[in-house]
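Okay, so here's the structure we're looking at.
The values are calculated or read from the model by the stated rules, or taken from the named source; none is laboratory data. Quantities reported herein were computed from a predicted structural model and do not represent experimental measurements. Positions of Cβ are generated from backbone atoms using ideal geometry, with glycine treated the same way; all protein chains shown enter the neighbour counts.
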Amino acid sequence: MKRNRPSGHDTWAGCGLQLFSDFDVEAIHNNTLEIMEKTGINIQSDRTIDIFEKAGADVDRQKQIVRIPAWMVEEAVRTAPGKVLLAGRDPKNDVILEKGRVNFIPFGTGVTVIDPFTGEYRHSTKKDIEQLARITDYMDQMDFCFDTVIPRDVDPRTVCFHSFEGHINNTTKHVFVSPEDTKSAQVLIEMAGKVVGGKENLKSRPIITGGGCPISPLTWSEGLCECLIEFAKAEIPFLLVSMAMAGGTGPVTLAGTLVTQNAELLTGIVLSQLVRKGAPVIYGSSTTNLDLRKATATVGSPELGLISAGIAKLAQYYNLPSFVAGG
């Protein structure tokens, strides 16, 4: 079992950044609830709309809009676990996500690489995944494996399966996977279950975390809905990552973007808890601002750091484990 050093938020030992007062956080939360209940979320999955409607949400099937009442959000936040185990294939690499602990993970998903041997700029391959998994496995600074690149030398319909195989055969650390729909989520859960001796063992020792991104602003695709449902049913962690762009797919103000992406993420929290109370879920963001001159996402900008700090603060407010981009 691995527990990294506390981040120092409680004692202010080390470096910290306080963007918001408690009043500010409450304001973001209350405005989020208003958006979820009055404006609603575009849900592109009939199965998911059924779940919300049965639970008491107001739905407009023709427009695929679900309006989620505040009480439903508050209940979901209460039942979502504040502590989550991300198991490694080797128990020495087990990690507990809990308040005050900071861990690190490589990010993705790259589609090209500079070949380390030839210097060639080329498409990424499954071999690259295997090599990167071994590097991540070796590095004490990295606690998990992620789809740093995708294998572009396999059938596109099987990318997530090859990615998982490339990782799990070359690391003893926890692996984040990227299912695309119901079937791929089920297959990835089945594959991970084979590694640990069955699906029941996977519940107690989840060696994978599923993941996916809402479509900003305020939209949940059918694929993301279906993947989250399958992982919640299996009681396996799922990472929700908003990738809004302030000034593009989100309000130009950082506080406004935090409100809309909070609505997107809390929608996933609610869905996971409606499927199975206590299902582990991670509150995440790779949101940044839009470069208005070049119409590109400025990943690594100062604004990204500010938004990530805001997301961490909101996750603490909800007592949820968080995941943020570092640049």
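Worth a mention:
- Of the residues making up region 171-200, those that are crowded, with 19+ Cβ neighbours inside 10 Å and within 21 Å of Ile135 (Cβ to Cβ) are Thr171, Lys173, His174, Val175, Phe176, Val177, Ser178.
- Any hit, region 245-259, residues being under 14 Å from Cys213 (Cα atoms) and either of a type in the set (Ser, Thr, Tyr) or under 16 Å from the mean Cα position of the chain (by Cα) (or both): yes
- Test: residue in region 219-232 that is in contact with a strand residue (DSSP E or B) (Cβ under 8 Å, 6 or more places away or on another chain), under 23 Å from Ala297 (Cα atoms), buried (at least 23 other Cβ atoms within 10 Å of the Cβ) and not β-branched (Val, Ile, Thr): yes
- Candidate set: region 160-186, residues that are over 15 Å from the mean Cα position of the chain (by Cα), part of a loop (DSSP other than H, G, I, E, B) and of a type in the set (D, E, K, R); chosen: the one nearest to Phe104 (Cα to Cα): Lys173
- Apart from one condition, Phe20 fits all of (1) in a loop (DSSP other than H, G, I, E, B); (2) at pLDDT 95 or above; the exception is (2).
- The residue that is surrounded by the fewest Cβ atoms within 10 Å (Cβ to Cβ), among those in region 207-218 that are of a type outside the set (A, V, I, L, M, F, W, C) and more than 12 Å from Ala234 (Cβ to Cβ), is Ser216.
- Taking (1) surrounded by fewer than 23 Cβ atoms within 10 Å (Cβ to Cβ); (2) within 25 Å of Phe52 (Cβ to Cβ) in turn, Ser204 satisfies each apart from (2).
- Number of residues in region 306-327 that are without any contact (Cβ under 8 Å) to a residue 40 or more places away in the chain and surrounded by 16 or more Cβ atoms within 10 Å (Cβ to Cβ): the value is 3.
- Members of region 252-297 found to be surrounded by fewer than 16 Cβ atoms within 10 Å (Cβ to Cβ) and either over 25 Å from Glu34 (Cβ atoms) or among the charged types (D, E, K, R) (or both), listed by number: Arg276, Lys277, Gly278, Asp291, Leu292, Arg293, Lys294, Ala295, Thr296
- If you go through region 278-303 and keep only what is in a loop (DSSP other than H, G, I, E, B) and within 18 Å of the chain's Cα centre (by Cα), you end up with Gly278, Ala279, Pro280, Ser286, Thr287, Val299.
- Candidate set: region 145-165, residues that are modelled with pLDDT of 95 or more and of a type in the set (Phe, Trp, Tyr); chosen: the one farthest from Val95 (Cα to Cα): Phe161
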